[in-house]
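Here the structure is laid out as structure tokens; the discussion comes afterwards.
The values are calculated or read from the model by the stated rules, or taken from the named source; none is laboratory data. What you see is a predicted model; the values in this text were computed from it and never measured. Glycine also receives a Cβ, built like all others from the backbone with ideal geometry; neighbour counts cover every protein chain displayed.
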Amino acid sequence: MNVFYTLLFIHICFGAISLLSAAGALFATKGQWWHRHFGEFFFYGMSGVFVTAIPMSLMKSNVFLFTIAIFSYYLAFSGWRFYDTNSTYAIILWVFGALGARLSYGNLKIFQRGGARGKERLVQHFSSMIGATIAAVTAFVVTNIHIQPVIILWLGPTIVLVPVIFWWRRKIYVEKWVC
């Protein structure tokens with residue numbers, strides 16, 4: 001438990017940095033030196049919050065903390081990248097954000113109906129697992145392959161593997177499954 005409480009202390013420190021920096025950035029003149037520097041502190045603070053929240057959430061089996069850590073860090077990272085003038089990252093974040101929103105909405109509708117059953121359960125399982133595979137492949141190619149334009153690396157696995165999801169979905173819904 002010492003590790004958990006050490007992480008919690010660090011997490012709280014980074015959280016305080018993030019909140020104080022957010023206030024500073026909100027009240028500073030936009031685009032000026034103070035705003036940019038408070039924004040940098042906010043982003044780095046949020047990075048620390050994220051890095052400490054993930055292991056703490058796993059230690060406590062806290063799915064909510066795990067999910068909110070990913071969600072809040074995605075938003076902080078997205079905001080940081082939109083400040084960058086490199087439009088490639090803005091496109092990448094838009095695509096990933098749109099996909100994430102669409103998938104989240106679909107999952108919400110399924111849970112509102114009482115969950116997935118039968119073929120729908122298989123389709124959701126396969127779609128989510130291939131989605132996770134896409135994320136892992138993307139992380140691998142972005143880290144290990146260096147070509148231009150970089151957007152090919154970021155969106156290539158999605159473009160190649162999403163049709164596999166649609167093919168598999170059609171296959172499941174059209175074929176008669178024998179159990």
Output the number of the condition that F64 fails; it satisfies all remaining conditions of (1) under 19 Å from E40 (Cα atoms); (2) of a type in the set (F, W, Y); (3) without any contact (Cβ under 8 Å) to a residue 12 or more places away in the chain.
(1)
Scan S104, S78 and give me the residue that is of a type in the set (S, T, Y) and either at pLDDT 85 or above or within 26 Å of P149 (Cβ to Cβ) (or both).
S78
Is there any pair linking a residue in the stretch 123-136 that is under 12 Å from R169 (Cβ atoms) and of a type in the set (V, I, T) to one that is at pLDDT 80 or above and surrounded by fewer than 15 Cβ atoms within 10 Å (Cβ to Cβ), with Cβ under 7 Å and at least six apart or on different chains, and which?
I130/V164
Among the aromatic types (F, W, Y), in the same structural domain as I54 (by TED's automatic domain parsing) and either farther than 18 Å from W167 by Cα or free of Cβ contacts under 8 Å to residues at least 40 places away in the same chain (or both): is that true of F77 in this structure?
yes
Residue satisfying all of: in the stretch 104-138; among the small types (G, A, S) and surrounded by 14 or more Cβ atoms within 10 Å (Cβ to Cβ); nearest to L93 (Cα to Cα) among these:
G131
Of the residues V150, V141, only one is surrounded by 11 or more Cβ atoms within 10 Å (Cβ to Cβ), in contact with a Pro (Cβ under 7 Å, 6 or more places away or on another chain) and under 29 Å from G48 (Cβ atoms); which?
V141
The condition of being at pLDDT 80 or above, over 20 Å from F77 (Cα atoms) and in contact with an Asp or Glu (Cβ under 9 Å, 6 or more places away or on another chain) holds, among I159, I145, I110, I165, only for I110
